[in-house]
1. Checking the structure you have, find out if any residue of region E:97-108 is at pLDDT 95 or above and away from chain D (no Cβ under 11 Å).
2. Listed residues B:Ser295, B:Ser306, B:Ser270, B:Ser195; which is within 12 Å of chain D (Cβ to nearest Cβ) and touching a strand residue (DSSP E or B) at 6+ places or on another chain (Cβ under 9 Å)?
3. Pairs needed: first member in region E:57-82, over 18 Å from A:Ser12 (Cβ atoms); second member anywhere, of a type in the set (Ser, Thr, Tyr) and part of a strand (DSSP E or B); C-beta distance under 8 Å; at least 6 residues apart or different chains.
4. Kindly list, by first and then second residue, each pair from a residue in region B:122-151 that is on the phi > 0 side of the Ramachandran plot and surrounded by fewer than 20 Cβ atoms within 10 Å (Cβ to Cβ) to a residue that is among the basic types (Lys, Arg) and not in a loop (DSSP other than H, G, I, E, B), limited to pairs with Cβ atoms under 9 Å and residues at least 6 apart or on different chains.
5. When you scan region C:2-12, do you find a residue that is farther than 25 Å from E:Thr208 by Cβ and surrounded by fewer than 19 Cβ atoms within 10 Å (Cβ to Cβ), even just one?
6. Please go through region B:4-21 and give me each residue that is under 16 Å from B:Ile177 (Cβ atoms), out of contact with any Cys (no Cβ under 7 Å at 6 or more places or on another chain) and either assigned to a loop (DSSP other than H, G, I, E, B) or among the aliphatic types (A, V, I, L, M) (or both), ordered by number.
7. Just to be sure, is E:Ala92 crowded, with 20+ Cβ neighbours inside 10 Å and within 13 Å of another protein chain (Cβ to nearest Cβ)?
8. Under 7 Å between Cβ atoms, which residue pairs at least 6 apart in sequence (or on different chains) link something in region E:156-174 that is within 15 Å of E:Asn146 (Cβ to Cβ) with a partner that is of a type in the set (Asp, Glu)?
Amino acid sequence: MGGWIKEHPILSFKHGRKVKFYVDGKEYEGYEGEPIAAALHANGIKVYRRSIGLGRPRGFFCAVGKCSSCFMIVNGVPNVRVCITPLREGMRVQTQMGKGEIR
Amino acid sequence: MKRSAEVVIIGGGIQGCAVAYNLAKMGCRDVVVLEKNTIASGSTGRCAAGIRAQWGTEMNCRLGIASIEIFENLSEELGADIGLHQGGYLMIAYRESEFEQLKRNVALQNSLGIKSRVISADEAKELCPLLNTEGAVGFTYHHRDGHADPLLTTFAYAEAAKRLGVEIYSFTEAVGIDVNNGKVRGVRTNRGFISTGVVVNCAGPYAREVAAFAGVDIPIYPERHEILVTEPIERVSKPMLMSFSGNFYIQQRPHGSFIMGYGPEEHLKSHALNSTWEFLEGMARKFVRLLPRLSGLRVVRQWAGSYEMSPDAQPILGRVEEVEGFYISAGFSGHGFMFGPITGKLMAELILSGETSIPIDMLSYRRFQRGELIREPAVV
Amino acid sequence: MLERTGVPTREQIRGVTPPQEILNSKPVVIVECFQRIPCDPCHTACPTGAILEFEDINDLPKVDWSKCTGCALCVAKCPGLAVFVVDMTYSDKEAIVKIPYEFRPLPNKDEIVECLNREGVVVCEGKVIHVFEPFKDGTKVVSVVVPKEFAMEVRHVRVVRKDE
Amino acid sequence: MNKEKDVIICRCEDVTLEEIRELIKRGYTTVDEIKRITRAGMGPCQGRTCRDLIIREIARLTGKRVEEIPMPTFRPPIKPIKLGVLAESEDD
Amino acid sequence: MKETEILIVGGGPAGLSAAIEAVKAGAKVLLIDDGLKLGGQLIKQTHKFFGSKEEYAGTRGFKIAEILLSELEKSGDRFEAITNTTVTGYYADDGVFGALTGEEKYFKVKPKKTIVATGAYERTIPVPNCDLPGVYGAGAVQTLMNVYGVKPGERALMVGAGNIGLIVSYQLAQAGVKVQAVVEAMPKIGGYWVHASKIRRIGIPIYTSHTIKEIHGKEYVEGATIVQVNERWEPVEGTEKHIEADLICLAVGLSPLIELLWQAGCEMRYIPELGGYVPVRDREMRTSHPDFYVAGDAAAIEEASTAMIEGKIAGLCAAKSLGYDIPDFEEKFNAFWEQLDSLRKGPVTEKIRQGLPKAIVGEAYRHA
């Protein structure tokens, strides 16, 4: 499922450096500087959080940081919009359950 | 729309809806509430909705604790959740003189049966572990203080009133009050005339304009206050944090968001409701100093509301002597929501029997003419 | 029907098809553009003046077939990929269709490909004889040889490789 | 099974189409009223996704034209901002 | 606090064109865009644009962005662009804007004039499970696949046969995604027919008078049921079809993004032909607020070609209102309007022609 596009008739993709990052403790690879959501999607990860009220699965939706669907916990900070937050080496990304906690 | 009613209430905020509900509950069901916009769209819906009994005058203490007692059973009484959270108010003093005053307040409160107390910094940190107590010289706390949802509460009152027969008209603006021979005859609205012998002015920041319809001048003026709210997180802070010298109030609501505000040096005295960046930044600085570990919390919305100010920052309650049938419940100066349940009840008592279960004579608007202003030391 | 299905009708196609004598004489353009939209690159791309100047940019393209050489520059330029060249003179039984192509994989010269009609249905096989990219902008023009009876049907090719 | 239950109108606060229809039927026919009762549109996305849907639903059920339904206000900040970041803004 | 003569909010086709024209006229411009790269929607447009030479017809959208940006590179210090930054609010008391870069830097801007070129946001539809992961806006899908090179799914269902739905279906196919179908509730295809023909011949069916009835899946999208609708938009019983898909792409329309204009108190009108609430403006693209101009999708949902010309008008006129002497102002202004009128002349822009007179006040606003 998903993955990066290897060959495109029109576009050539200039990806950033390949970096490792972690989702709920598991290691994945993505390109530095590109949105976390792009890397998640390419790795087949679609569910980013559980909604506040009904616990419904939520994921990527608007891609422009405007819809609140893609909140995750990134390096311990909840409610990070992963669709517009650039990926960095070693980032720790977690599925967010409900409101999120600050401790 | 009804063409006549026993009582017409102008204003669909907490005051108007609580007066209407209490009237109907006491048997007077031929009541109309006029709201120029929608229920709770004015000051009520914009407020931070703290509720407390930690006051510095006997009158406010009595009203405060009586209101809390009503709040405590209100969800049940009205048949709808009002979002009550009794995490207490944690009052923080940063000056010795202020702490002395808080202690005097506690003594007064205790004498009136309010179980507030002076607490230590350690106890304060137990209540709110993330609190930075630096610079604080003392704390007081009352566990029954707290917060309710102003929107849910007002809608609950409105719905309960409607079930008892009250009519609530949204987008219906009072444009005049007909007075004949010193008696109220009816209210003119943008949708026609309603004849009535009793009008209650619950128009909040517009109370002066509404009183003028009946030829009465009351010294209420609007003052812009600002507020902001954050995204929700799991509960980390139980009490409302409040300080008079620190000039802030901050509360985590049951929903998880933090709501907060402070008073700038000078408030805009108009009906304008623009937000300012000065407040946004100023509030953020206060918050981060107080709760540094929550500096990653995000503001999702800021807005402004009008305090309905009276010259001594105390409500104007009661009948208007020059115009028979004209009543005022306004001028709450920032505390209208927390007093709403009790003043709604008292006003209904006054209208129906001429007596009130808590004496409110000193809150008559005549106090300004008589120069008998009230001095409440416990306000932000 | 076109507005419901995305597929032009036979009448519409007939309306943009050159007369038989021209079709039989040289490679020639067929502009399958049936809607007045603000667009004129087919004209600006044409080196011979065969696609006439637009009075109103919303006009449908008009072709002077006498001037058309079937060079297919317009095929590569049309933003709607609605222009094709048909060469009925290729051989007795076969014709060449020049088709805009923006997919991967690219067909190789002499590769046998599936040929699809305007509804996306495979109607025959064809042999690719030429692939070029006139404007170096990603749009290739694929020349495919098909049986003559399909020359007016085939409008897309699909590369099918067993090993992939 | 009631399908309306699974139609989420406000993603931030998990408000369903069923709840919104219920309120409209009870006479709450402005976005602001529905927002105040359900919190639809009060979340971090500021009602961008749900506002249009609610307006259209009100229009459909009341027969009103969209322009007759009052628009709620658009409050700053348009995008949530960390308090710590705001606090560091230079005071000028 | 940053000060500038003209603040342009949004660096898409309208905003970039406005900047080019304003800088040419001599003004100092600060452009703020929330994307990681400038260009707005242009950077994900792999198709060639329509229109005429002036609007770079026949050139792919992402290439047009490159052209506009290279034009701006010549501006020297009269032009500054800040990306990855959202303008977070307008404070009417003193005319100051808040702005947030990423999540960590907040600053304020006080411009003399502002051009709002914020574009639009994607609408959604209320169907069961419309919030499941795998249901995305068409623009979001374009971002994933055309900007970041991520394959957004294996099998897609497109909802909406306007230009965006048709174009993105084609782009999905180019990225190697199998597009199972395009459904469109209207009885006719709303987008250009050439786009429809293009996807038909590569094998994508288009179902007009069809809508999506329900989305299936537990954790993410697994498929959908589509159904035919009658003239009253009611589903026709018994016409349900199941479509297997792991990606549902919504291209059901755009709404102008105009929060800042509401905050500034600009007069707004609901004009469905233009996409919803839009600001009332004069022919100079000036709103009822003397310091606010508008251009592009924020003014009316239209094409990038018209957005660029509106941007030029707004940029030119905002510069003029600052007092810059523009000798060929009339000539340019009239030429831009001629181009706009010509692009809006055909049958595909009929709705726009009906809507615009309701949004444009005849005379220029007589601002003091």
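1. No, region E:97-108 contains no residue that is at pLDDT 95 or above and away from chain D (no Cβ under 11 Å).
2. Just a single option satisfies the conditions, and that option is B:Ser295.
3. E:Glu80/E:Thr4; E:Ile82/E:Thr101
4. Pairs that qualify, where the first residue is on the phi > 0 side of the Ramachandran plot and surrounded by fewer than 20 Cβ atoms within 10 Å (Cβ to Cβ) and the partner is among the basic types (Lys, Arg) and not in a loop (DSSP other than H, G, I, E, B), are B:Gly135/B:Arg289.
5. As a first pass, look at region C:2-12 and keep what is farther than 25 Å from E:Thr208 by Cβ: none.
Within region C:2-12 (the criterion being farther than 25 Å from E:Thr208 by Cβ and surrounded by fewer than 19 Cβ atoms within 10 Å (Cβ to Cβ)), the answer is no, since none of the residues qualifies.
6. Residues satisfying the conditions are B:Ala5, B:Val8.
7. Details: crowded, with 20+ Cβ neighbours inside 10 Å: no; within 13 Å of another protein chain (Cβ to nearest Cβ): yes.
No; evaluated as a whole, the condition is false for this residue.
8. E:Gln174/C:Glu102
The values are calculated or read from the model by the stated rules, or taken from the named source; none is laboratory data. Everything quoted here is computed from the prediction, not taken from an experiment. In this analysis, Cβ positions are derived from the backbone assuming ideal geometry, glycine residues included, and neighbour counts consider all displayed protein chains.
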